[in-house]
Structures are given as C-alpha cells and as structure tokens.
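Asker: This is the structure, below, for whatever I ask next.
Please treat every number below as a calculation from the coordinates, not as lab data. The structure presented is a predicted model; accordingly, all values stated were derived computationally and were not measured. Virtual Cβ from ideal backbone geometry, glycine too; neighbours counted across all protein chains shown.
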Amino acid sequence: MLSSIEPSVHYLDFKDDGRPAYDRFHVLWKLVDLDKQPTVLGDNVDGSKQNDFRLAEGDLVVFPTLLSGAGEFEGLRFVGLKMTDDDDALPLLPAGIEYPEFPSLIVQHIDNVASLKSIYEAPFNAVLEEQSSKYNLRDIFSSDEDAYNQFWNDPPIARRRGPPGGDPWLISLSDCIWIKTLDGKSLRGDKDLGVAQEEL
C-alpha cells in the first residue's frame, strides 16, 4: 500500500527532442533500465551524485518540455506500481492537464482516499511553485475553499483521452536527463531541500 509514502518530485528531460512524446501521449509509458542512471549535464558535476538517482512507486515525475500551455499538469506523471513482481519497469501514469487527476492504479493502493491530501498536497504545490513563485493548488480553484475541499473529498480519477494507443512506450532511464529532485521528506516538512543540478 502507498498510504505512508512521502513522494518526491523528479524533474527529467528527454535526451532526444521531446516532440515524439506528444505522439505517444495516449499510450502507456514504461520506464525501463532502472538499474541505469539518467544523464547529468554540467562541467562541475560531482561524480558520486550521478549514482544516487532512485525512483519510488508513488513519486511524481515532471517533464518540463511537455508543458505547452494547455495546463500546469500536462508534463506531470505518477510513478505507478510495477505490474508484476518480476517486471523490471515502472509505469509513468498521466496526472491530468488543467488540474491534477489521480490514476486508478494509485488510488487502488491507498488505504483511505482522504489520505491523498496528506500525501500529495505538498508535492502538487511544489510543482506549481516551480512554474510560478507563490502559485499553489488553491489558485487552480480560484481560491474557492469549497471547490478545493471537494477536490480532495472526491478526487478526480484520470480518464483516457483520445483513442486507445498501441504498444507501451519503453523509455530507458539512461535516455533521460536528470534536472533536479525535490525530496519528499523535505516537502512534507515545508522545506525545499531539493538538490538542483547546478548546485552539485
């Protein structure tokens, strides 16, 4: 179960042009080669830091190049649970576009839907604050407290948009570029101890 997790927010990019991702928006994304590491750019990178990248089920991954202006969450994906015990891949599940939507695979592994707020409110706010200082999830609902509470009391479940896709898109972790990670424990403590690439 995921009820006790403290999800981190990982910022990644694609080594190649990110446009092919739009063509695969409606298929299942699976991150593979998890024993490898994403590329870290920069001339002054501490080599020891390059082997520290870890994804956990329930984490959030942001691909900034996927932000087209359609919505603040179109570049965001949930790290889903492995589909089988021997599956060496993690699904990356859509998280909505204009406002967050929860994949059913995530909700099914939460003991109590009410705990979604305690788990994901801070990470969602961190994602928005990265786009615009002092911007947070309440602003998405125009600071309407009733609408905000309704969102958490009856969280929207992500639905497929567009026609069913084809085979899953396998994305090698080694074909990604690591930008930074906002640590889940620090987010829950209202402190941003994220390690930025340029600070290494």
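Asker: So if we plug the beta-carbon distance of residue 135 and residue 104 into 1/(1 + (r/R0)^6) with R0 = 25 Å, what FRET efficiency do we get, rounded to 0.05?
Answerer: 0.35
Asker: Taking the simple approach of a point 7 Å from Cα along Cα-to-Cβ for both residue 52 and residue 115, what is their distance in nm?
Answerer: 2.9
Asker: Please work out whether segment 55-158 counts as rounded, prolate or oblate from its C-alpha gyration tensor, where a ≥ b ≥ c are the square roots of the eigenvalues and a/c under 1.5 means rounded, while otherwise a/b larger than b/c means prolate and anything else oblate?
Answerer: Taking the square roots of the gyration eigenvalues as a ≥ b ≥ c, segment 55-158 is oblate.
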